[in-house]
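Below is one structure, written out as structure tokens; the observations come after it.
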Amino acid sequence: MNYDEITDRLMSTLKPKRYLHSVGVAYTAACLAMRYEYNIDTAYRAGLLHDCAKSMSDEELLDYCEKHDIEVSEYDRKSVNALLHSKVGSVLAKEEYNETDEKVCSAIRWHTTGKKAMDLLEKIIFVADYIEPSRRPLPNLDHIRRLAFEDIDTAVLKIYESTILYLKSIKEDDIDPLTIEAYEYYRNITEKTT
Ligand SMILES: [Fe+2]
Ligand SMILES: [Fe+2]
């Protein structure tokens, strides 16, 4: 699919604010790709597509997972839309948007939770999703936006710190162990380089 076809389809499925966010992530990802010498087209496309499943209801997401053999964890069931739109999006990108680049699908798959040892595109989309211009103000956002263009691993670490603080503030300690594992991974690798 070319960009016009992708944006037409996204415009017809996403709410206007979500569409604007997707375009913001695409351009931010393209800028990060320039900074870190990654393929700009690939980063832009992954940014455009990253929330392609976001407009699906919880029922539709769960149904899609069942039909496509997508694993649903106990944490996914607690926050269906927040966690499953990335897993479903990575398959939907292939099926509905003819995305053939596995790296793009993987960046979509991991954009919400991140994971330890992400590849560069996964980090670019994880960070771009957090810092794109239409994001509502979050604590530390200005600092993280600057860091993203200085050292992307440190930006990933700071995003985890903010996310964990936020999750603790609303649900106490009920945090996916994979998030804690990823946070510790980036804390260790950034400590070694600073
Ligand atoms: Fe998302
Ligand atoms: Fe997003």
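Taking the condition of being buried (at least 22 other Cβ atoms within 10 Å of the Cβ) and of a type outside the set (A, V, I, L, M), how many residues in region 28-39 meet it?
Total satisfying the criteria: 1.
Pairs only if they're at least six apart or on different chains, beta carbon under 6 angstrom, first in region 155-170 and farther than 8 Å from Tyr183 by Cβ, second of a type in the set (Lys, Arg) and assigned to a helix (DSSP H, G or I); list them, first residue then second.
Here the result reads Val156/Lys123, each pair linking region 155-170 to a residue that is of a type in the set (Lys, Arg) and assigned to a helix (DSSP H, G or I).
Could you list, in sequence order, all residues of region 59-72 that are farther than 23 Å from Asp129 by Cα and in contact (Cβ under 8 Å) with a residue 24 or more places away in the chain?
Listed by number, the list holds a single entry, Tyr64.
Name the residue that is modelled with the lowest pLDDT, counting only residues in region 74-127 that are more than 12 Å from ligand 1 (Cβ to nearest atom) and among the basic types (Lys, Arg).
For region 74-127, the residue satisfying everything is Lys78.
Go through (1) of a type outside the set (Gly, Ala, Ser); (2) out of contact with any Lys or Arg (no Cβ under 7 Å at 6 or more places or on another chain); (3) within 16 Å of ligand 2 (Cβ to nearest atom) and name the single condition Lys78 misses.
Evaluating Lys78 over (1) of a type outside the set (Gly, Ala, Ser); (2) out of contact with any Lys or Arg (no Cβ under 7 Å at 6 or more places or on another chain); (3) within 16 Å of ligand 2 (Cβ to nearest atom) leaves (3) as the failure.
Out of the helices (runs of 4 or more DSSP H) lying entirely within region 68-166, which hold 2 or more residues that are more than 20 Å from Tyr38 (Cβ to Cβ)?
The qualifying helices (runs of 4 or more DSSP H) are 74-78, 80-97, 141-148.
Being more than 13 Å from ligand 2 (Cβ to nearest atom), out of contact with any Cys (no Cβ under 8 Å at 6 or more places or on another chain), under 30 Å from Leu147 (Cα atoms) and among the acidic types (Asp, Glu) is the requirement here; does Glu37 meet it?
Considered against the rule, which asks whether it is more than 13 Å from ligand 2 (Cβ to nearest atom), out of contact with any Cys (no Cβ under 8 Å at 6 or more places or on another chain), under 30 Å from Leu147 (Cα atoms) and among the acidic types (Asp, Glu), Glu37 comes out as yes.
Could you tell me whether any residue of region 40-51 is surrounded by 16 or more Cβ atoms within 10 Å (Cβ to Cβ), within 16 Å of ligand 1 (Cβ to nearest atom), part of a loop (DSSP other than H, G, I, E, B) and within 16 Å of the chain's Cα centre (by Cα)?
yes
The values are calculated or read from the model by the stated rules, or taken from the named source; none is laboratory data. No experiment lies behind these values; they were computed from the predicted model shown. Quick reminder, even Gly has a Cβ in these numbers, built from the backbone with ideal geometry, and neighbours come from all protein chains shown.
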